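In what follows, a single structure is set out as structure tokens and then discussed.
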Amino acid sequence: MRYPTLLAAVALLAPAPLLAQALTPAENQKIDALVTKTLADTGVPSASIAVVRGGKIVLAKAYGKQFEGQKAPADPKLPYQIASVSKQFTAAAIQLLADQGKLSLDDTVSKYVPGITDGDQITLRQLLSHTSGLRDYWPQDYSFKAMATPTTPQGIVDRWAKAPLDFKPGTQWQYSNTGYVVAGMIVEKVSGQPLLQFLQTHVFRPLGMRALNQDKAVGPGFPQGYLRHALGPVRVETPAAPGWLYAAGELSMSPEDLAKWDVARMNRTLLPPKDWDEQETPVKLTDGSNTNYGLGVGVGTADGRRVVEHSGEAVGFLTENIVYPDDKAAVVVAVNAWFADAQSRIAKGISDIVLPAPEASAEDAAALDRTKRVYAQLQTGNLDRSLLTEDAAYYFTPTTLADYRTSLSPLGAPTKIEQSGRTRLRGGFVNRSYRVTYPGRMLRISTYAEPGPNGRIEQFLVSPAE
């Protein structure tokens, strides 16, 4: 049940929010082709997806074999085990209790659950942000021996939360399912209700979501999990015994139902806006470094867009949930296998299909044109030095120019030169990076320039890239 994030700090400028609009026939065809090919490539039996655009669910569809003996087409209404995507709901439960004045996120764990190692030093906020230091009870990507036997939250706490801490609370980020088990126990103690019942009352029913305990979402009529050993045959997976997921990942729901929660997130409904903001604010460590994780969700940017994201891994299931709040868009992908990367591959591919390409600013466009000219000049060895600052002119010695010419000239004209990173300021200069594409190889250009459309070049370095 690890959290293999998709977030990456690669960005251009973010576009305006998308209008609520149905997918075009061409977009639907591209998504169908993407999912079908991915399942065929990976051997994953089925995928169920939901797409939000303009704050509305515009697609919910399922593909492939959801269980043995299936005769009807794949059903997008069936609930898949979403595993660690459940964590944001546990975090919301804690926040709702804080809104009711029944606890504080800065309370220590020992106030509610006794016997936990250094519980008087661990706060609820640290539980939810994976900065508590509590040892993770399930770092493996397979069912370990104990998971064949039923357990309870207290059983998990007794074995893992009473072990020595992996680090002093707040000093490191380390994914900890154990921390969320403790958080779930706190919800139940403070609210006087089972965690799932609390969430049904305060979250799922108000949003019209169907959510189940994954331990009960097994058997006829439910998606079946699958495994694969190396490149061997795809086999039916044996579910874990009851009790192992709990507040760290106990929920099963359809991608369409999960998308309803994503819509509430982007529209700031159901929870108070401050709670959504709190979930999406990256927690910082004691040394000031950024964890890129809030309360139950990863936060960052991808292709210039703000992203709120979490993945999930259950026994036989993988899920990817990506929300683009400023674009009013989201992509949910659930698969009934816990091998390969089908869920992330499909989610990224759908995002590329339904989101418009980031728009570059006029200055970025001008800088790209200048980069193309300078690159061509370096291939010939005839560099226009009026474009350079004093430092860049110092760098480009006759030897440097000769090396650029002799190494780049044989490559000929590139297929494409495009900006590959976010425009940013550093040291009084504007920093941009570019990707140079040739058949069979890639180069990177790193530039610094004076601000303004006619700013002189301070740096222009070309290097190999993947």
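Summary of values
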{"quantity": "Subset of region 262-274 (residues that are exposed (fewer than 15 other Cβ atoms within 10 Å of the Cβ), in contact (Cβ under 8 Å) with a residue 60 or more places away in the chain and not in a helix (DSSP H, G or I))", "calculated": "PRO272"}
{"quantity": "Strands (runs of 3 or more DSSP E) completely within region 390-466 that count 2 or more residues being touching a residue at least 60 places away in the same chain (Cβ under 8 Å) and surrounded by 15 or more Cβ atoms within 10 Å (Cβ to Cβ)", "calculated": "429-438, 441-449, 457-465"}
{"quantity": "Considering residues of region 275-322 that are under 27 Å from ASN336 (Cα atoms) and β-branched (Val, Ile, Thr) only, the residue surrounded by the most Cβ atoms within 10 Å (Cβ to Cβ)", "calculated": "THR319"}
{"quantity": "Verdict on TYR137 being modelled with pLDDT under 95, among the hydroxyl-bearing types (Ser, Thr, Tyr), within 29 Å of the chain's Cα centre (by Cα) and assigned to a loop (DSSP other than H, G, I, E, B)", "calculated": "no"}
{"quantity": "Failed condition for TYR142, given (1) at pLDDT 95 or above; (2) over 24 Å from PHE167 (Cβ atoms)", "calculated": "(1)"}
{"quantity": "Residue tally, condition of a type in the set (S, T, N, Q) and crowded, with 19+ Cβ neighbours inside 10 Å, over region 180-204", "calculated": "1"}
{"quantity": "Only one of ASP326, ASP277, ASP287, ASP257 that is among the acidic types (Asp, Glu) and either closer than 24 Å to TYR63 by Cα or assigned to a strand (DSSP E or B) (or both)", "calculated": "ASP257"}
{"quantity": "Qualifying residue in region 152-162 (condition: part of a loop (DSSP other than H, G, I, E, B) and not polar (S, T, N, Q))", "calculated": "yes"}
{"quantity": "Total residues in region 413-440, condition over 19 Å from GLU390 (Cβ atoms) and either aliphatic (A, V, I, L, M) or under 28 Å from the mean Cα position of the chain (by Cα) (or both)", "calculated": "16"}
{"quantity": "Residue list for region 77-110, filter: buried (at least 19 other Cβ atoms within 10 Å of the Cβ) and assigned to a loop (DSSP other than H, G, I, E, B)", "calculated": "LEU78, PRO79, ILE82, LEU103"}
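Residue-wise test of (1) in contact (Cβ under 8 Å) with a residue 60 or more places away in the chain; (2) surrounded by 14 or more Cβ atoms within 10 Å (Cβ to Cβ); (3) in contact with an Asp or Glu (Cβ under 9 Å, 6 or more places away or on another chain).
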residue: LYS216; (1), (2), (3): no, no, no
residue: GLN224; (1), (2), (3): yes, yes, yes
residue: ALA240; (1), (2), (3): yes, yes, yes
residue: LYS260; (1), (2), (3): yes, yes, no
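The values are calculated or read from the model by the stated rules, or taken from the named source; none is laboratory data. Bear in mind that the values here come from a model prediction, so they are computed numbers and not experimental data. Glycine also receives a Cβ, built like all others from the backbone with ideal geometry; neighbour counts cover every protein chain displayed.
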